[in-house]
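Participant: This is the structure I want to talk about, given as structure tokens.
The values are calculated or read from the model by the stated rules, or taken from the named source; none is laboratory data. Keep in mind that this is a model prediction, so the values were computed, not measured. FYI the Cβ positions are ideal-geometry reconstructions off the backbone, even for glycines, and counts take in every protein chain you see.
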Amino acid sequence: MKSLTWFIMMLAVPIFSYGDTLEALLQSVEQNNPRLIALQKWLEAEEVKARTGIYPENPEISWNYLFGNPEAIGNQQEFGIMQSFRLPGYYLTKSAIRQLTYRQMQALADVEKREVLHNAQSVYFHLVMLHQKAGALKARNQNAELLVELFAEGLATGEISRPVLDKARIHAIGVQHDLQITLTQITVYLQKLEQLNGGISIAGLTFAYPSWQQIPDLQVLLTNLPENNPHLVMAQLQISQKEMEIRHNRMANLPSFSAGYHTEAILDQSLQGFQLSLTIPLWQNRNVIRHSRLEHEWAKAHFTQQESELVAQISGMYHQLKALQTSYRQMKDVLEQEQVLPGNLELLQSGQISFSEYLINADLVWEARKQFFQTEYEFFVMLSKLRSML
């Protein structure tokens, strides 16, 4: 009910105010994402299901009226109440199995939740990259337009030829095209982010990479992996469930009982008393317990397999992150000191470099900037993926 109230409030007021960034976005996605809302409803249903079917069978009440033949015998009436039950350990183990199953579903829901939030972060980081790219393209577009203006003036005075002006115009058109494509991509990814946010507007959201850039220590990651990774948590719960199923099947192989009260009336005589019965599982298949033991061994082997695969995956991601971080820092140090385009325009205007040299240098710097934006984006996406697994 609290979740529903919060959801209605979110629809009634704007979600974001100026200055809200990634943390506010993730909180909103967690509250409003349709997939997560449906997942929460599914978990609530499974929680109720885990508490059903764990009690003794319902009592049985019977009443018989038998007509006598011949009539001298008289009619006969019978009434009885019977309750069947097993030893308490049977119901305790059955309840424990249901709870372990539910906890596995919680871990599975955690996997889904982490996937949704990582997807939202990835789209957000893509938008950060696109905004950076758009900002750089706007500056590049201004330089291209200025270049066309300078060459148009040069053509009027006879200093610049028509083919050179045409090349400058072609260069400007290419830059404008890249800017338009980038702005279109921003619109598309904003729509994706709103869809992940349940269709609620994200107006006012600012786009900047988070402050967390430190890669966690690999040994600490691997040490805490079994407790933090939902896949391994689920695998460990499955081992516990199989152990409990062995105990439950042993209890199921023990005798069950029935107790009740019975009355009988015939020929003006009334008989009443208690009934007690015992069901002996003499012909029950003993392979049930053997099967449970084999499943328990499989669950332990499955956990070992998953742990090994995750250790290899996380180790690989860790080393990739280190390489991306090194490249990112190196490119950042170079590009932060680089002031090529304005200087190149001045050199071109003063005649110290040719137009071809200007284009080569401008394109070289632009390609370096694009590579830097891409590397920074990949670093944060991979770091987000790593954090989602822990």
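Participant: So K192 ticks every box in (1) surrounded by fewer than 18 Cβ atoms within 10 Å (Cβ to Cβ); (2) over 28 Å from M317 (Cα atoms); (3) modelled with pLDDT of 90 or more but one. Which box is left unticked?
Facilitator: (2)
Participant: Sticking with this one: Restricting the stretch 326-343 to residues that are outside any loop (DSSP other than H, G, I, E, B) and modelled with pLDDT under 70, which is surrounded by the most Cβ atoms within 10 Å (Cβ to Cβ)?
Facilitator: L341
Participant: Within the set of pairs 6+ apart or on separate chains, which have a first residue in the stretch 35-62 that is more than 29 Å from E115 (Cα to Cα), a second that is surrounded by 11 or more Cβ atoms within 10 Å (Cβ to Cβ) and acidic (D, E), and C-beta atoms under 9 Å apart?
Facilitator: S62/E78
Participant: Here's something else I'd like to know. For the stretch 271-288, how many residues meet the condition of being surrounded by fewer than 10 Cβ atoms within 10 Å (Cβ to Cβ) and either among the small types (G, A, S) or farther than 30 Å from E245 by Cα (or both)?
Facilitator: 2
Participant: I would also like to ask the following. Residue pairs, Cβ under 6 Å, 6 or more apart or interchain, first in the stretch 181-196 and in contact (Cβ under 8 Å) with a residue 40 or more places away in the chain, second of a type in the set (V, I, T) and assigned to a helix (DSSP H, G or I). List them.
Facilitator: That search, which allows pairs on different chains as well, returns Y189/V123; K192/V123; L193/V123; L196/V29.
Participant: Could I ask something else about it? Can you name the condition, by its number, that F85 falls short on among (1) under 24 Å from E243 (Cα atoms); (2) at pLDDT 90 or above?
Facilitator: With respect to (1) under 24 Å from E243 (Cα atoms); (2) at pLDDT 90 or above, F85 is out only on (2).
Participant: For the condition in contact (Cβ under 8 Å) with a residue 12 or more places away in the chain, in contact with an Asp or Glu (Cβ under 6 Å, 6 or more places away or on another chain) and not aromatic (F, W, Y), what is the one hit in S292, S258, S277, S240?
Facilitator: S292
Participant: Additional query: Can you pull out the residues in the stretch 156-168 that are surrounded by fewer than 14 Cβ atoms within 10 Å (Cβ to Cβ) and not acidic (D, E)? Before you say what the answer is, go through the steps one by one.
Facilitator: Of the residues in the stretch 156-168, the ones surrounded by fewer than 14 Cβ atoms within 10 Å (Cβ to Cβ) are 156-159, 161-163, 166.
Hits for the stretch 156-168 are A156, T157, G158, S161, R162, P163.
Participant: Another question about this same structure. Step by step: first the residues of the stretch 344-371, then only those that are surrounded by 13 or more Cβ atoms within 10 Å (Cβ to Cβ) and among the small types (G, A, S), then the one that is modelled with the highest pLDDT. Which residue is that?
Facilitator: A368
Participant: For the stretch 93-116, does any single residue satisfy the condition of being closer than 30 Å to M251 by Cβ, touching a residue at least 60 places away in the same chain (Cβ under 8 Å) and in contact with a Lys or Arg (Cβ under 6 Å, 6 or more places away or on another chain)?
Facilitator: yes
Participant: Would you point out the residue of the stretch 305-325, among those that are closer than 15 Å to N229 by Cβ and of a type in the set (A, V, I, L, M, F, W, C), that is surrounded by the fewest Cβ atoms within 10 Å (Cβ to Cβ)?
Facilitator: A312
Participant: Kindly indicate whether any position in the stretch 190-203 is among the β-branched types (V, I, T) and either in contact with a strand residue (DSSP E or B) (Cβ under 7 Å, 6 or more places away or on another chain) or in a loop (DSSP other than H, G, I, E, B) (or both). Steps first, answer last, please.
Facilitator: Let us first name the residues in the stretch 190-203 that are among the β-branched types (V, I, T), namely 200, 202.
Subsequent filtering for residues that are either in contact with a strand residue (DSSP E or B) (Cβ under 7 Å, 6 or more places away or on another chain) or in a loop (DSSP other than H, G, I, E, B) (or both) retains 200, 202.
The answer is yes, given that some residue of the stretch 190-203 is among the β-branched types (V, I, T) and either in contact with a strand residue (DSSP E or B) (Cβ under 7 Å, 6 or more places away or on another chain) or in a loop (DSSP other than H, G, I, E, B) (or both).
Participant: Another one. When you scan the stretch 189-213, how many residues do you find that are aliphatic (A, V, I, L, M) and on the phi > 0 side of the Ramachandran plot?
Facilitator: Qualifying residue count, the stretch 189-213: 0.
Participant: Still on this structure: I need the helices (runs of 4 or more DSSP H) fully contained in the stretch 1-70, keeping only those with at least 1 residues that are within 30 Å of K94 (Cα to Cα) and modelled with pLDDT of 90 or more.
Facilitator: The qualifying helices (runs of 4 or more DSSP H) are 34-49.
Participant: List pairs: first residue in the stretch 369-381 and within 10 Å of F125 (Cα to Cα), second residue of a type in the set (V, I, T) and buried (at least 19 other Cβ atoms within 10 Å of the Cβ) anywhere in the structure, Cβ distance under 9 angstrom, at least six positions apart or on different chains.
Facilitator: Hits for this filter: E376/V128; Y377/V128; F380/V128.
Participant: Follow-up question, since we're still on this one. Are any of the residues in the stretch 158-171 in contact with a helix residue (DSSP H, G or I) (Cβ under 9 Å, 6 or more places away or on another chain), without any contact (Cβ under 8 Å) to a residue 40 or more places away in the chain and aliphatic (A, V, I, L, M)?
Facilitator: yes
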